[in-house]
Amino acid sequence: MTTPTRNPLSVFTSSKYFTFAMMGVGFLLIAGIIFEAGVLVGLHKGGFSGQVGDNYERTFGPRSGEPGMGLPNPHGAFGKIVTVTLPTFTVENDGMPEEIVRVASDTIVRNGRDTVDASKLTVGSYVIVLGAPSNAGDVDAKLIRIVPPPPDAVGSTTTN
């Protein structure tokens with residue numbers, strides 16, 4: 001009686017070395033997928049942070065000490081209201097030219113968490129304005145937030 005010969009490939013695939021090798025390959029595959037997911041999340045977060053930095057001046061104005069200091073920011077304004085003749089008012093900020101801001105019917109005016117009427121914009125109040133440039137060089141306000149005066153402002157008033 002002859003014993004059947006087993007296929008060498010069958011012998012190898014049923015050995016414990018093959019099982020360990022397959023477990024190692026599977027582990028490396030799972031580790032690679034996890035690593036790639038981390039890289040994608042990091043790229044997404046880095047891209048977002050880069051966009052915030054790239055658009056900082058357009059949103060908040062020039063940073064202190066950078067070239068272009070003193071030029072108006074056509075997309076917004078920050079400072080003290082010096083004149084109010086609705087639907088426009090003028091904002092003054094130290095070291096920056098005055099900005100004329102236009103208030104439209106769809107402009108949101110906020111004081112803290114509350115939405116308020118544009119009549120709350122009074123001379124001496126401090127505001128942050130986000131908007132878009134108009135053809136006349138003014139700022140068409142989309143959002144106006146009444147804020148407390150900066151700590152170094154003397155004799156400033158705000159309305160609540």
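Bear in mind these aren't lab numbers, they're just calculated from the coordinates by the rules spelled out. No experiment lies behind these values; they were computed from the predicted model shown. Quick reminder, even Gly has a Cβ in these numbers, built from the backbone with ideal geometry, and neighbours come from all protein chains shown.
Please state the shape class of segment 76-147: rounded when a/c is under 1.5, otherwise prolate if a/b exceeds b/c and oblate if not, all from the C-alpha gyration tensor. Oblate shape, in that a/c is at least 1.5 and b/c is the bigger or equal ratio. With both labels modelled 7 Å from their Cα along Cα-to-Cβ, the ALA104 to ASN135 distance reads 1.4 nm.
Net charge in the neighbourhood of GLY112 (other residues with Cβ under 15 Å of its Cβ; Lys, Arg +1, Asp, Glu -1) is +2. Convex hull volume of the Cα atoms of segment 8-54, normalised per residue: 53 Å³. Listed by chain and number, the lysines whose C-alpha is less than 29 Å from the C-alpha of LYS142, apart from same-chain residues fewer than 8 away, are LYS45, LYS80, LYS120. Other residues with beta-carbon under 10 Å from the beta-carbon of PHE89 carry, at +1 per Lys or Arg and -1 per Asp or Glu, a net charge of 0.
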